[in-house]
Amino acid sequence: MAQSADAQPVLVRVEGMTKEFSQGTRSLRVLDGVDLTLRRGEMVAIIGASGAGKSTLLHCLGTLDLPTDGGIHFGEQDIVQLPPPQLAQFRNESIGFVFQFHHLLPEFTALENVMMPAMIGRVPQREAMARAKEQLAAVGMSPRLTHRPGELSGGEQQRVAIARALVMRPKLLLADEPTGNLDTHTSEEVHALMFRLNKEHGITMLVVTHNLDLAHRFPRVIRMADGRLIGDTTGDRAREADARAREADQAGS
Ligand SMILES: Nc1ncnc2c1ncn2[C@@H]1O[C@H](COP(=O)(O)OP(=O)(O)O)[C@@H](O)[C@H]1O
Ligand SMILES: [Mg+2]
């Protein structure tokens, strides 16, 4: 039976996150006190106008950039407080990223690209290769292991980027407009893939999207404006989605 999202333990708790960029003598506040809790296995979409701070939130939450203020708690640990080497290790092991542009390394094959985070994480080469093959199989890319990014379609490149993001088996996947550069049909496929990976492996996903149609298929949708969260439809939609999942379970049993 489908479990209600709010029955799951908390994965990450963001508290009072602010981010300021200095612009000459002035400072620009791009995140303005964000509080956000994600539970294990949640699928959350973030929407909001361009410039609302969505990418900055993802970067700070994923510690690619550090917040000016506020905490990011995974369990008891506030990862903002970790010394840089431990933070890098935490990021490598616990958080996967997918961006609008795949950022695959053009000189390397799909397999080598997916192995990269594992090699950086000092996973032995044989094990890294085995894991990379497993992830590429999970995204339907086994027939393209030796292709270079330039020899793949846009959708295939994003599949490889998703496999790369998952090779360390992270708890959290952060995706910043992962289908922003794809046609409608391919976007649908990539979204379906993310939902399947969530269902099968319980990976928590936070996905920025411009596409409201796709966003509203998520059981939870967060709306951002001017560096703040101005809407969070956890309750109703999550319950609706749960009810549908239960119906489907019952119909199938
Ligand atoms: N490195 C930076 N330096 C200065 N300003 C930035 C930087 N990154 C983003 N900003 C500003 O922060 C605001 C939010 O940007 P961003 O998070 O990219 O928005 P979104 O992803 O919602 O479109 C924008 O006004 C942008 O110009
Ligand atoms: Mg953005």
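The values are calculated or read from the model by the stated rules, or taken from the named source; none is laboratory data. Everything numeric in this text was worked out from a predicted model, so none of it was measured. Note that we place each Cβ from the backbone using ideal geometry, even for glycine, and neighbour counts take in every protein chain shown.
Yes or no: ASP69 closer than 27 Å to HIS210 by Cα, charged (D, E, K, R) and either away from ligand 2 (no atom under 15 Å from the Cβ) or surrounded by fewer than 20 Cβ atoms within 10 Å (Cβ to Cβ) (or both)? For ASP69, the condition - closer than 27 Å to HIS210 by Cα, charged (D, E, K, R) and either away from ligand 2 (no atom under 15 Å from the Cβ) or surrounded by fewer than 20 Cβ atoms within 10 Å (Cβ to Cβ) (or both) - is not met.
Just one of the listed residues (LEU166, LEU145, LEU152) is under 26 Å from ARG91 (Cα atoms) and touching a residue at least 40 places away in the same chain (Cβ under 8 Å), namely LEU166. Scan segment 154-161 and tell me whether some residue there is surrounded by fewer than 18 Cβ atoms within 10 Å (Cβ to Cβ) and at pLDDT 95 or above. Among the residues of segment 154-161, not one is surrounded by fewer than 18 Cβ atoms within 10 Å (Cβ to Cβ) and at pLDDT 95 or above, which makes the answer no.
Yes/no matrix, rows are residues, columns are (1) part of a loop (DSSP other than H, G, I, E, B); (2) at pLDDT 95 or above; (3) surrounded by 14 or more Cβ atoms within 10 Å (Cβ to Cβ):
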position: GLN89; (1), (2), (3): no, no, yes
position: ASN92; (1), (2), (3): no, no, yes
position: PHE97; (1), (2), (3): no, yes, yes
position: HIS102; (1), (2), (3): yes, no, yes
position: GLU107; (1), (2), (3): yes, yes, no
position: LEU111; (1), (2), (3): no, yes, yes
position: MET116; (1), (2), (3): no, yes, yes
position: ARG122; (1), (2), (3): yes, no, no
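Counting just the residues of segment 49-84 that are part of a helix (DSSP H, G or I) and either hydrophobic (A, V, I, L, M, F, W, C) or touching a His at 6+ places or on another chain (Cβ under 9 Å) (or both), which one comes out farthest from ligand 1 (Cβ to nearest atom)? For segment 49-84, the residue satisfying everything is ILE79.
Screening the candidates ALA215, ALA138, ALA163 for the property of being within 16 Å of ligand 2 (Cβ to nearest atom) and small (Gly, Ala, Ser) yields one hit, ALA215.
Every condition in (1) more than 16 Å from ligand 2 (Cβ to nearest atom); (2) among the charged types (D, E, K, R); (3) under 24 Å from LEU64 (Cα atoms) is met by ASP183 except one, and the failing one is (3).
Selection of segment 55-66 for residues being surrounded by fewer than 18 Cβ atoms within 10 Å (Cβ to Cβ) and away from ligand 2 (no atom under 16 Å from the Cβ) yields only LEU66.
Going residue by residue through segment 144-159, is there one that turns out to be of a type in the set (Asp, Glu) and over 12 Å from the mean Cα position of the chain (by Cα)? Checking segment 144-159: at least one residue is of a type in the set (Asp, Glu) and over 12 Å from the mean Cα position of the chain (by Cα).
If a residue has to be surrounded by fewer than 16 Cβ atoms within 10 Å (Cβ to Cβ) and either touching a residue at least 24 places away in the same chain (Cβ under 8 Å) or outside any loop (DSSP other than H, G, I, E, B) (or both) to count, how many in segment 16-31 make the cut? Give the steps one after another, and end with the answer.
The first filter runs over segment 16-31 and keeps only residues surrounded by fewer than 16 Cβ atoms within 10 Å (Cβ to Cβ), leaving 16, 21-29.
Next, only the ones that are either touching a residue at least 24 places away in the same chain (Cβ under 8 Å) or outside any loop (DSSP other than H, G, I, E, B) (or both) stay: 16, 21-23, 26-29.
Residues in segment 16-31 being surrounded by fewer than 16 Cβ atoms within 10 Å (Cβ to Cβ) and either touching a residue at least 24 places away in the same chain (Cβ under 8 Å) or outside any loop (DSSP other than H, G, I, E, B) (or both): 8 in total.
Evaluation of ILE46 against the conditions (1) crowded, with 16+ Cβ neighbours inside 10 Å; (2) outside any loop (DSSP other than H, G, I, E, B); (3) more than 16 Å from ligand 2 (Cβ to nearest atom) shows that the sole unmet condition is (3).
Within segment 138-152, the set of residues being at pLDDT below 95 and out of contact with any helix residue (DSSP H, G or I) (no Cβ under 6 Å at 6 or more places or on another chain) comprises ALA138, GLY140.
Taking the conditions exactly as written (away from ligand 2 (no atom under 16 Å from the Cβ) and surrounded by fewer than 21 Cβ atoms within 10 Å (Cβ to Cβ)), does GLN81 satisfy them or not? Judged against the criteria, GLN81 is a match.
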